[in-house]
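Notes follow the structure.
Only the coordinates and a few stated rules stand behind these numbers; no lab work does. Because the structure is a prediction, the values reported are computed rather than measured. As a convention, Cβ positions derive from the backbone with ideal geometry for all residues, glycine included, and neighbour counts pool all protein chains shown.
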Amino acid sequence: MRRTNSRQAGFTIVELMIVIMIIGVLASIVLPGIRSNAVRARMSEAILALSPCKNTVTELYNSGGDPPGAGNWGCEVTADASQYVDSISTSDEGVIKASLRGFNDLRIDFHNLTLAPLDNTGNLPTPGGLVRSWRCGSPLPTDFGGTDVPPQYLPGSCKG
């Protein structure tokens with residue numbers, strides 16, 4: 001007759017605690033980066049919601065038209081513009097301001113994001129001027145009050 005060994009094999013409690021500690025350290029390093037990237041992705045969606053207004057302002061300037069005045073560009077939205085944008089308003093020069101909401105993060109909710117059209121000199125265009133580029137996320141008060149979202153939550157394409 002042959003006897004079998006009844007001893008059980010497995011991990012000791014110390015080995016399990018070491019593995020759990022390593023997982024905890026890795027999670028504490030990785031999770032903040034994942035969260036900030038998720039916020040930047042949501043901010044990109046908010047900027048995308050401003051595209052129709054951005055196109056309207058660009059077309060008006062590039063066709064040689066005169067700015068219609070604050071709130072008269074035809075692309076303003078007073079409520080529920082998108083999942084992350086509550087309202088969209090415009091200034092006399094065509095600077096677009098979005099009121100943000102829906103992020104479930106008070107560092108961003110209830111803040112403003114601005115897009116400003118720029119001519120070839122880097123200034124706001126004058127009537128009859130052309131839009132060459134856009135300034136996104138600038139804290140400058142000349143940009144319709146400016147963006148008050150912390151810069152670390154803005155996507156790379158929107159750093160003022």
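Numerical summary
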{"item": "Burial ranking of peptide ranges 92-104, 20-32, 118-130 (average Cβ count within 10 Å, highest at the top)", "result": "92-104, 118-130, 20-32"}
{"item": "If the convex hull is drawn through the Cα atoms of the chain, its volume per residue in Å³", "result": "172 Å³"}
{"item": "Theoretical ellipticity at 222 nm over the chain - DSSP helices of four or more residues, -39500 (n - 2.57) apiece, nearest 500", "result": "-11000 deg cm²/dmol"}
{"item": "DSSP beta bridges in the chain [antiparallel fraction, %, rounded to 5]", "result": "100 percent"}
{"item": "Inter-label distance, nm, simple model (7 Å from Cα along the C-beta direction), Leu118/Val19", "result": "5.4 nm"}
